[in-house]
1. Is it true that residue 30 is surrounded by 14 or more Cβ atoms within 10 Å (Cβ to Cβ), farther than 15 Å from residue 102 by Cα and at pLDDT 95 or above?
2. Would you tally the residues in segment 25-44 being touching a residue at least 12 places away in the same chain (Cβ under 8 Å), within 14 Å of the chain's Cα centre (by Cα) and in a loop (DSSP other than H, G, I, E, B)?
3. Quick check on this structure: which one of 47, 78 is out of contact with any strand residue (DSSP E or B) (no Cβ under 8 Å at 6 or more places or on another chain), over 19 Å from residue 103 (Cβ atoms), modelled with pLDDT of 95 or more and surrounded by fewer than 17 Cβ atoms within 10 Å (Cβ to Cβ)?
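The values are calculated or read from the model by the stated rules, or taken from the named source; none is laboratory data. All of these numbers come straight from a predicted model, not from anything done at the bench. Heads up, the Cβs are rebuilt from the backbone with ideal geometry, glycines too, and the neighbour counts pull from every protein chain shown.
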């Protein structure tokens, strides 16, 4: 969905960030589930990365990306008029971050 949103002739950058965040969130929650680590049902990627780090300290290197991606997804989830407007470079960065988190989780879970 993120790739579709950004590739349109009139791109939708906020939904792109939202779906990139959702991708990362699902991979992190999948890892936690596979490790039988309980977690709260939240959208805060830094929190999820912290829990993953309890099982595998390598996850801590994802904290800056997790914070950035959570922040970029907020305008689409909680829109506030005249606040942060997502730009094309930010949307591309969100997709790159989601890809890094996905690759990292897969490398740690044998996927």
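1. Working: surrounded by 14 or more Cβ atoms within 10 Å (Cβ to Cβ): yes; farther than 15 Å from residue 102 by Cα: no; at pLDDT 95 or above: yes.
Against the criterion (surrounded by 14 or more Cβ atoms within 10 Å (Cβ to Cβ), farther than 15 Å from residue 102 by Cα and at pLDDT 95 or above), residue 30 does not qualify.
2. The number of residues fulfilling the criteria is 2.
3. Values: 78 fails: modelled with pLDDT of 95 or more.
When all the criteria are applied, what remains is 47.
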